[in-house]
1. Starting from the Cα of Lys97, step 7 Å along the direction of its Cβ; do the same at Gln76; then give the gap between the two resulting points in nm.
2. Could you work out how far apart the two model spin labels at Lys104 and Ala19 are, taking each label as a point 7 Å from the Cα in the direction of the beta carbon, and quote it in nm?
3. Around Glu146, with a cut-off of 14 angstrom between Cβ atoms, what is the net charge of the other residues, counting Lys and Arg +1 and Asp and Glu -1?
4. First measure r as the distance between the Cβ atoms of Ser2 and Lys149, then evaluate 1/(1 + (r/R0)^6) with R0 = 45 Å and state the FRET efficiency to the nearest 0.05.
5. Order Lys97, Lys63, most accessible first, counting only protein heavy atoms with a 1.4 angstrom probe.
6. With a sphere of radius 14 Å drawn around the Cβ of Ser117, what net charge do the other residues whose Cβ falls strictly inside it have (Lys, Arg +1; Asp, Glu -1)?
7. Which of the GluC sites (Glu not before Pro) found in the stretch 1-70 are loop residues per DSSP with 12 or fewer other Cβ atoms within 10 Å of their Cβ?
8. Students often get this wrong, so check it: of Lys70/Lys124; Lys70/Lys137; Lys80/Lys161; Lys60/Lys137; Lys101/Lys137; Lys80/Lys104, which have C-alpha atoms separated by over 30 Å?
Amino acid sequence: MSNIIRLIIACIVMGAAVALCAFSFWGWGILVLFLGGIVLLTYFFNENMIMAQWFLRKEKSEKAEEWLLKITNYEQQLNKSQHGYYNLLIGMIESRKAPLKAEKYFKKALSLGMKMSHNTAMAKLSLAGISMAKRNKREAQMYLSEATKDDKNKLLTDQIKMMKAQMAQMDKQTVVRGGYRQF
């Protein structure tokens, strides 16, 4: 359902609640006002996005993907501030299946912007991992340093340390002719 339609329905329901209260039907007025508030909340927080985040936290990426696929046109169905988060969630799901294909979603999420700095740091950390998989050390270091700056609450410090250790191992590994690694 489009966001404009949700907003119109919320206004109509809230108006009905005010009318019920004006005609001394306080019980029904408060109930309808509560229902209008729920409809208004879905304008700001899409229920499909909330369910997808919940299933991702439970490590059920198949169900999260089902909920995200219910959003057919995210530009109309989501608030503009949620566009970056939508691409971040799609990128996280895609990175579990095919990590190199998830890069475009993370870059789009960063270009659209996200309000919370730890989400930006998570997207940049994921891009650093993809760059390491491509053996592009310079780009990986750039994304890793940006992720460190964006992680203001120190939520991703363990992952950043682990990524730096993997990057140090990347320096030690050299592939010689024949495909054998030397340490």
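1. 2.4 nm
2. 4.9 nm
3. Value of the local net charge: +3.
4. Details: r = 37 Å, r/R0 = 0.83.
With a Förster radius of 45 Å, E is 0.75.
5. Lys97, Lys63
6. Numbers: positive: Lys115, Lys124, Lys149, Lys152, Lys154; negative: Glu146, Asp150, Asp151.
Summing Lys/Arg as +1 and Asp/Glu as -1 gives +2.
7. Those that pass, being in a loop and sparsely packed, are Glu59.
8. Where the Cα-Cα span goes over 30 Å, the pairs concerned are Lys70/Lys137; Lys80/Lys161; Lys60/Lys137.
The values are calculated or read from the model by the stated rules, or taken from the named source; none is laboratory data. For clarity, every value in this text was computed on a predicted model and none was experimentally measured. We place every Cβ from the backbone using ideal geometry, glycine too, and count neighbours over all the protein chains shown. The protein model used for the area step is the full one, side chains on, heavy atoms only, and it has no ligands, DNA or RNA in it. Shrake-Rupley method; radii C 1.70, N 1.55, O 1.52, S 1.80 Å.
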